[in-house]
Amino acid sequence: MTEFSAGEYDPDFKWGVSTAAYQTEGSIQEDGKGLSIWDEFSNRPGKIYNNHNANQACDFYHRYPEDLSIIQQLGIPNFRFSIAWSRVLPQGVGAPNRAGLDFYDRLVDSCLEQNIEPWITLYHWDLPVALHRRGGWTNRDILNWFTEYVELVVNHFKDRVTQWMVLNEPMVFTGAGYFLGIHAPGKRGMKNFSSAVHHATLCQAEGGRIIRDLHSSAHIGTTFSCSLVEPASANERDVRAAQRVDALLNRLFIEPALGRGYPINQLPALARLEKHMRPGDEQRLKFDFDFIGLQCYTREVIRYSWSMPYIFARQISPQKRAVPTTLMGWEVYADSMYHILTNFYRRYRLKKIIITENGAAFADSVKEGKIDDYERERYLSSHIHACLRAKREGVPLSGYFVWTLTDNFEWAEGYRPTFGLVHVNFQTQERIIKRSGQWYANLVQQYLSQSQK
Ligand code: FCB
């Protein structure tokens, strides 16, 4: 059991769990939903581990009452989920789908009835296919499409939802989806990547502005993936290589939002973004978010490499370094969380940070109906401690969300890596709360009851 130091209880600290529409909902064509790029991508042979897809996933579309009652039973006060754009606007723009909005109405209303605060992410990677056919993130028109979508959703939910996030991890969906081609929509190359990055950065700020205009009491954030990046040696070439990777992984999307422009000095290849800039864009990239969501899972150790175009750097894999890893192959290194928080705070003086995702995939085994996932418990415990240590030292951290509630569809890795606090049997859809779920529930209860004293 985690113990907290005296005096560190913050009654406003937000403890939560995070999920995403595509990874959990299933029902990809039910009740008028349009297809998304992920529906299409994961049904293409050879794209996903063992050709898995999320056509059914956790069947959250039907089973959300059960999942919410688990959240309630665990006493977790905050639930982050995303809206599937193509469920509410099947063609991406144009006629809304009443049944899609109804689903999120039921979800939001059930959260509120159970005293669970809903946190909406507007975009967690599932672009409507209809918009992809028109160029998707590579087409600047996405600013208008995204505006239409955000206006619809915010107007619809503003009477009941205060907590909003615009994008989930733009670095991952542009990098994996438009440069490497390993995520939907499977596009590759610098041209696709640079246009997708610029348009996503514009939408990130524009989304913030729209929410603020339509909903003055909203608490508005957006989320960034981040990793502690360290050079493999003190050699100048490795140090510079690590700086380039840091620019790409940790600075690219936050700096323009903060009014600093793109980190081109640190990573010259980003100069290509300038081709997509139009007059006035520098201003439009900025938005004063109420909070910044950080999602940190691991660290990267980097050395110089002449053979990697643009970045001239390569990571030394955790396997080579013989350090402990999760099922994702990511190093388990809790100090990364501490350093990310202190570095981001020091660098940018952010007014409020929330860890909007953190968690780990480990192999679970069900024995006599129980899952004793000590490794996940240790991972969460050490990372939460790292967060609270940073908070004690003055980082304005005001929340922590575990990724994730239930085991679910982990993108290109399919159902292989399990991140949930709750196990799912994907044949029967039976849920079992893991030991880590119970542990997290106890930790949250302990913290909340102390902070009320
Ligand atoms: C993040 C994603 C989330 C989940 C975790 C493991 O990059 O935002 O959907 O896949 O990683």
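Summary table below
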quantity: Near-label residues of region 285-328 by backbone N, under 14 Å of a point 7 Å along Cα→Cβ of Arg140; calculated: 285
quantity: Cα-centre dipole for region 216-298 with unit charges at Cβ (Lys and Arg positive, Asp and Glu negative), debye to 20; calculated: 300
quantity: Quotient of Cα Rg and 2.2 N^0.38 Å for region 62-103, N being how many residues it contains; calculated: 1.50
quantity: Helix-only CD estimate at 222 nm, as mean residue ellipticity for the chain, using -39500 (n - 2.57) per DSSP H run (n ≥ 4); calculated: -11000 deg cm²/dmol
quantity: Over region 328-453, volume per residue of the alpha carbon convex hull, in Å³; calculated: 123
quantity: Extreme residue, positive dipole direction of the chain, given options His124, Gly329, Leu89 (C-beta unit charges); calculated: Gly329
quantity: Loop chymotrypsin sites (Phe, Trp or Tyr not before Pro), region 281-311, which have at most 15 other Cβ atoms in a 10 Å radius of their Cβ (DSSP); calculated: Trp306, Tyr310
quantity: Selection of trypsin sites (Lys or Arg not before Pro), region 257-336, meeting DSSP coil and at most 14 other Cβ within 10 Å; calculated: Arg260
quantity: Cα centre as origin, Lys/Arg/Asp/Glu Cβ charges: the chain dipole, Debye; calculated: 1520
quantity: Quotient of C-alpha Rg and 2.2 N^0.38 Å, computed over region 222-274; calculated: 1.17
quantity: Rounded Å value of the spacing that divides the Cα centres of region 289-309 and region 2-59; calculated: 22
quantity: Projected area averaged over orientations for the chain, convex hull of C-alpha atoms, nm²; calculated: 20.7
quantity: Region 322-358-region 367-401 distance, computed between alpha-carbon centres (Å); calculated: 12
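A short reminder: the numbers here are calculations on the coordinates, not readings from a lab. It should be emphasised that the depicted structure is a prediction, and the values quoted were computed from it without experimental measurement. Every residue, glycine among them, receives a Cβ derived from its backbone with ideal geometry; neighbour counts consider all protein chains shown.
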